[in-house]
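The values are calculated or read from the model by the stated rules, or taken from the named source; none is laboratory data. Remember, predicted model here, so these are calculated numbers, not experimental data. FYI the Cβ positions are ideal-geometry reconstructions off the backbone, even for glycines, and counts take in every protein chain you see.
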Amino acid sequence: MSIEINYVAVLLATLSSMVVGAIWYMPQLFGKSWMKITKVDPSKTPGSPLKIYGLTLLASFLTAYVLAHTTYIANQVIGSSYMSSAVSTAFWLWLGFIVSRLLVHDLFEQRPTKLTMLNAGHEFATVMVMALIIGGFGV
């Protein structure tokens, strides 16, 4: 089977993760809580912005690409609308791969439950926006 991927959708989904992150972690939404829990000092630079944002974009691209890839397969197998396939696939990938692994790491690292929920919520919003973009564009 040949997998068809709409690369415009993948690129827009990649960029959407930056927008979702900027909104999710802005001080008026969850940014203050996140900084308090993680003890992040916004006045200190955590490292090279080029490295941080470059690797973030790369990870987001991989997420969007895999989501587009698996959405296509799910759509071929199930045969529902492409949007439905994208949203359903995003949900199950989020639950099975993102949240479950995040939970395991956070349990062993003894991170607060509130942080796990905050980050899991962010990842849910991210993959759902990606799914809406990928589903809306189709192949």
Qualifying residue in the stretch 107-127 (condition: at pLDDT below 95, hydrophobic (A, V, I, L, M, F, W, C) and in a helix (DSSP H, G or I)): no
Matching option when the condition is within 15 Å of H122 (Cα to Cα), out of contact with any Gly (no Cβ under 7 Å at 6 or more places or on another chain), among the basic types (K, R) and without any contact (Cβ under 8 Å) to a residue 12 or more places away in the chain, among K32, K51: K32
Any pair with Cβ under 6 angstrom, 6 or more apart, that starts in the stretch 69-93 at a residue that is closer than 19 Å to T14 by Cβ and ends at one that is modelled with pLDDT under 95 and among the hydrophobic types (A, V, I, L, M, F, W, C): H69/I3; Y72/I3
Complete set of residues in the stretch 80-94 that are assigned to a helix (DSSP H, G or I) and not β-branched (V, I, T): Y82, M83, S84, S85, A86, S88, A90, F91, W92, L93, W94
Residue list for the stretch 1-29, restricted to those being free of Cβ contacts under 8 Å to residues at least 60 places away in the same chain, more than 15 Å from A125 (Cβ to Cβ) and exposed (fewer than 13 other Cβ atoms within 10 Å of the Cβ): S2, Y7, P27, Q28
Residue list for the stretch 37-55, filter: surrounded by fewer than 11 Cβ atoms within 10 Å (Cβ to Cβ) and part of a helix (DSSP H, G or I): P49, L50, K51
In the stretch 2-30, the residues that are within 22 Å of G138 (Cα to Cα) and among the β-branched types (V, I, T): I3, I5, V8, V10, T14, V19, V20
